[in-house]
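Okay, structure first, notes after.
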Amino acid sequence: MHVSKFCSNFAYRNSIAEVKRMKRLNVNINHCPFGAGTLIQKKHRLAVLMLALVMAVPVMSQRASLRTNLLYDATLSPGIGAEVRIDSAWSAGVNVGVNFWDIDQAKNKKWRHALVSPFARKYFNLKRDSVDVRRAQYLEANLIYSHFNVGNVKFPFNLYKSVNDRRLQGDLVALGGKYGYSWILSRDWRIEAEAGVAVGYAWFKEYDCPHCGTFLGNGDRIFLLPQLGINIVYIIN
């Protein structure tokens, strides 16, 4: 089956399941401030786009790799990335991630989001004839877009206190940078450690935390986003 057709069918089936779940809760999906109908459509469009991006990148070059960030995965948000070497020092790629489920449905506690982050890297300490990135320092610049629906969540170090007892649904964009180091594990595998920060802008609707809580108004803000990663990388030879 063609990938795009498979993804569309998968998104449709999951959309129907979500609507049925909302009906069992006696929620009107057209008027509920949760925005269920809109979110269902948007999140599956993003999921199809993410899969298409990740599957398209490796076929562009034999000097490619796939990766996942173990710290991001530990939040129960599956993520995957792809990277293509441009020359001996530069590469480009994209990371994507999703979380479409509630942490605690009874308390309407959630960190739902879909994320796309293209990036460019500059590697250092590489041999001139090196084909694969095996062991090197690198600097990375990345863009981030995310659609989110977050509420009743306490982040580490008391970050983003506005969602401790509120639910925010909206979008964000950010521009960031990272420093990282890559170590060889085997011919086909390596591990990366990286850290950085991004500056972003978010615009959203704000609600009380209870399911379909009272609409409190629109908001926007500028924020700092820490970026940490321990990446397991598979090299496509």
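A few notes on this one:
- Accessible area, probe 1.4 Å, largest first, for residues Lys110, Lys154, Lys122: Lys154, Lys122, Lys110
- Once backbone amide H atoms are built at 1.01 Å from N, Cys209 has Arg167 as its partners under 5 Å, excluding neighbours fewer than 5 places away on the same chain.
- Accessible area per residue (1.4 Å probe, heavy atoms of protein chains only) ranks Glu206, Glu194 as Glu206, Glu194, with the largest value leading.
- Solvent-accessible surface (1.4 Å probe) assigned to Arg112 amounts to roughly 20 Å².
- In this label model, Asp104 and Tyr145 are separated by 3.4 nm, measuring between points 7 Å along each Cα→Cβ vector.
The values are calculated or read from the model by the stated rules, or taken from the named source; none is laboratory data. From a predicted model like this one, the values you see are computed outputs, not experimental measurements. Here the Cβ is made from the backbone with ideal geometry for all residues, glycine too, and neighbour counts use every protein chain on show. In case anyone asks, the SASA skips ligands and DNA or RNA and just uses the protein heavy atoms, side chains included. Shrake-Rupley method; radii C 1.70, N 1.55, O 1.52, S 1.80 Å.
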